[in-house]
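The values are calculated or read from the model by the stated rules, or taken from the named source; none is laboratory data. The shown structure was predicted, so the numbers you read here are calculated from the model rather than taken from an experiment. Don't worry about glycine lacking a Cβ; one is built from the backbone with ideal geometry, like all the others, and counts go over all protein chains shown. Each accessible area value is taken on the protein alone, full model and side chains, heavy atoms only, with ligands, DNA and RNA left out. Shrake-Rupley method; radii C 1.70, N 1.55, O 1.52, S 1.80 Å.
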Amino acid sequence: MTTTTETYGVDPSPTPLALLLLGREADPASERGVECPGDLPAASDPDLVARARAAKEALGDRVFILGHHYQRDEVIEFADVTGDSFKLARDAAARPEAEYIVFCGVHFMAESADILTTDAQQVVLPDLAAGCSMADMATAEQVAECWDVLTDAGIADVTVPVSYMNSSADIKAFTGRHGGTICTSSNAKRALEWAFEQGQKVLFLPDQHLGRNTAVLEMGFSPDDCVLYNPHKPNGGLTAEQLRNAKMILWRGHCSVHGRFNLDSVNEVRERIPGVTVLVHPECKHEVVTAADMVGSTEYIIKALDAAEPGSKWAIGTELNLVRRLAKAHPDKEVVFLDRTVCFCSTMNRIDLPHLVWALESLVEGRVPNVITVDPETEKYAKAALDRMLALP
């Protein structure tokens, strides 16, 4: 199948918003940005591929390049391994001989890699502006205040925090300090089952949709068992009674990519492509997940397409770079993007070939750019939470 703008609903016109979504421009009001010492190679440089290949060969086993599934093809081409955030962090930990871990992903992923790798290794993020809007929706100060609210309501001692992998090191450390665990979209059910074996309630952060979808669709909870804590409102916008009656206290956070899909997207693609199977990520809204045919993590989506029958039709609700890659890998199947509007992860897309070349050539020259370092105290408790996850059966 060929990739067309009609298939994916991508507006090719180079508007400022489209360029920002594609990671090609910066919004000074919202992007952290990064100044690269020296000259960042031009995206139009015809030698970029050769330069990347030469720098990687010069570094040899000293460098290990990780590529998240949502990265651009031009970056994935140079990745030693690809995967989701946790798989990549574990892959990095399994390569202690590599001095440099170049993480082509976003900031919280690089933090996790630093936590799980040795002190002798350095984790490099090619562009410091590659953040995660979901992770940024929960700050350490906000979560500490939330815990005070739960304490005042008399429920903190029976509440177990469960934090999604897509969170900052500070949030992972908070989780570790309070006896909680980390989860991924693949093992969220098992993590919640463990948490309810330890306590009566769960504080799930920062993604409300993964928490709600797992509790309601996989564990038999009622939507009424869930309350939404809004860190921008006094007491989270909840009464003490609402908190005491709830089983799942969901943080008001979401993925800016998966949150764009809606019920109209599902209905429209079913009408446009009769017989299509709708497969979405559990970070999507509850209404989208309940309307879909299949729901699963990024790895689940990839495996489902690999196992699908030739000639089958699929509408995928996840990041557009991955959907395009799946369509290219499965020309015997019709694979389309669930929505007609662009849905790149804007911060993930900030890492492009020029930034990768700049990072690799800097390492060749003896400079280590954009090192991601988690302080020892934060690392200690964040690792405790990660270790609890690793110990889950």
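From Cα pairs below 8 angstrom and at least 6 apart in sequence, can you work out the relative contact order of the stretch 285-393, rounded to a whole percent?
It rounds to 17 percent for the stretch 285-393.
Counting only protein heavy atoms and using a 1.4 Å probe, what share of the accessible area of the chain belongs to carbon plus sulfur, as a whole percent?
Answer for the chain is 49 percent, counting heavy atoms of protein chains only.
So for THR82, THR298, what's the accessible-area order with a 1.4 Å probe, most first?
THR82, THR298
Could you pull out every residue, at least 5 positions away or on a different chain, whose amide H is within less than 5 Å of the one on SER312? Hs are placed 1.01 Å off N in the peptide plane, and Pro or chain starts have none.
Amide H neighbours of SER312: GLU334.
Quick one: which residues, 5+ away or cross-chain, put their amide H under 5 Å from the amide H of VAL278? H built at 1.01 Å from N.
ASP293, MET294, ALA315
From the helices alone, meaning DSSP H stretches of at least four residues, give me the mean residue ellipticity at 222 nm for the chain, per-run term -39500 (n - 2.57), in deg cm²/dmol to the nearest 500.
-11000 deg cm²/dmol
About the Cα centre of the stretch 271-375, what is the dipole size in debye to 20, counting +1 per Lys and Arg Cβ and -1 per Asp and Glu Cβ, all else neutral?
220
In nm², what is the average projected area of the convex hull enclosing the Cα atoms of the chain?
Quarter of the Cα hull surface area: 19.6 nm².
How long is the stretch 300-393 along each principal axis, judged by its Cα atoms, biggest number first, in Å?
Per principal axis, max minus min of the Cα coordinates gives 51, 41, 25 Å.
Using the Karplus equation 6.51 cos²θ - 1.76 cosθ + 1.60 (θ = phi - 60°), what ³J(HN,Hα) coupling, rounded to whole Hz, does each residue of the stretch 155-171 give in order, writing x for Gly and Pro?
Coupling constants for the stretch 155-171: 10, 4, 6, 10, 10, 10, x, 10, 10, 5, 3, 7, 8, 6, 4, 4, 6 Hz.
Say the cut-off is 20 Å between C-alpha atoms; which of LYS303/LYS333; LYS87/LYS201; LYS172/LYS380; LYS285/LYS333; LYS189/LYS380; LYS189/LYS233 go over it?
Listed pairs above 20 Å: LYS87/LYS201; LYS285/LYS333; LYS189/LYS380; LYS189/LYS233.
What is the log10 of I(q)/I(0) for the stretch 344-393, computed with the Debye formula using one identical point scatterer on each Cα and no solvent, at q = 0.20, 0.29, 0.32 Å⁻¹?
Once normalised to I(0) and log-transformed, intensities are -0.82, -0.98, -1.10.
Between rounded, prolate and oblate, where does the stretch 169-255 land on the alpha carbon gyration tensor, with a ≥ b ≥ c its root eigenvalues, rounded for a/c under 1.5, else prolate if a/b exceeds b/c?
Rounded shape, in that the Cα axes give a/c under 1.5.
Can you grab the distance from the C-alpha centre of the stretch 57-108 to the C-alpha centre of the stretch 339-393, Å, no decimals?
Their Cα centres are 9 Å away from one another.
With every protein chain present, what accessible area does MET109 have (1.4 Å probe, heavy atoms only), rounded to the nearest 10 Å²?
10
Rounded to the nearest whole Å², what accessible area per residue is found for the chain with the 1.4 Å probe?
Here the per-residue accessible area is 42 Å².
When only the heavy atoms of the protein chains count and the probe is 1.4 Å, how do ILE115, ILE302 rank by accessible area, highest first?
So, going from the largest accessible area down, we get ILE302, ILE115.
Relative contact order, percent, of the chain when contacts are C-alpha pairs under 8 Å separated by at least 6 residues?
Reported relative contact order: 24 percent.
With label points built 7 Å along Cα→Cβ from the Cα atoms of GLU241 and SER312, find their separation and express it in nm.
4.9
Enter the accessible area of VAL227 (Å², nearest 10), with the probe set to 1.4 Å and all protein chains included.
Looks like 20 Å² after rounding.
Tabulate in residue order the Karplus-calculated ³J(HN,Hα) for the stretch 314-322, using 6.51 cos²θ - 1.76 cosθ + 1.60 with θ = phi - 60°, rounded to whole Hz; enter x for Gly and Pro.
Computed from phi, the couplings for the stretch 314-322 are 9, 10, 9, x, 7, 4, 5, 4, 5 Hz.
Which cross-chain or sequence-distant (5 or more) residues have an amide H under 5 Å from the amide H of LEU40, H modelled 1.01 Å from N in plane?
none
Any chance you could look up the accessible area of CYS255 with a 1.4 Å probe, heavy atoms only, rounded to 10 Å²?
Here the accessible area works out near 20 Å².
List, in order, the whole-Hz ³J(HN,Hα) value for each residue of the stretch 292-308 obtained from phi through the Karplus relation with A = 6.51, B = -1.76, C = 1.60 and θ = phi - 60°; use x for Gly and Pro.
7, 7, 9, 9, x, 5, 4, 4, 4, 4, 4, 5, 4, 5, 4, 8, 5
Quick check on packing: order 196-207, 69-80 by the mean number of other C-beta atoms within 10 Å, highest mean leading.
196-207, 69-80
Of all DSSP beta bridges located in the chain, what percent are antiparallel, nearest 5?
Close to 5 percent.
Can you spot the aspartates and glutamates whose alpha carbon is less than 17 Å from LYS383's alpha carbon? Ignore those fewer than 8 places along the same chain.
Correct list for LYS383: ASP91, GLU111, ASP114, ASP119, ASP170, ASP375.
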